[in-house]
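What follows is a short report on a single structure.
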């Protein structure tokens, strides 16, 4: 008599297939989340690079749009009045 019957072998195959599908789904979701995070991180640097290329052609009136939170407060550029 075999160690596992056909029914238990079928259950094992079904479990292995479910595990593989769930693992691949989690892997793909992780890759997509990572790519989205990387693109959001690199987008401001790309805008600066594009502006630098425009400046290198001689156009000194280029402006880089700022979006999101401000890293530097607008009041920090004002001179102190001590």
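FYI, it's all coordinate maths here, none of it is from the lab. This is a predicted model, so every value here is computed, not measured. Don't worry about glycine lacking a Cβ; one is built from the backbone with ideal geometry, like all the others, and counts go over all protein chains shown.
Extending 7 Å from the Cα toward the beta-carbon at both residue 13 and residue 32 defines two label points whose distance is 3.0 nm.
Label positions at residue 20 and residue 6, each projected 7 Å from the Cα along the C-beta direction, are separated by 2.2 nm.
By the Stokes-Einstein formula, at 0.692 mPa s and 37 °C, the range 25-64 with its Kirkwood radius over alpha-carbon pairs has D equal to 275 µm²/s.
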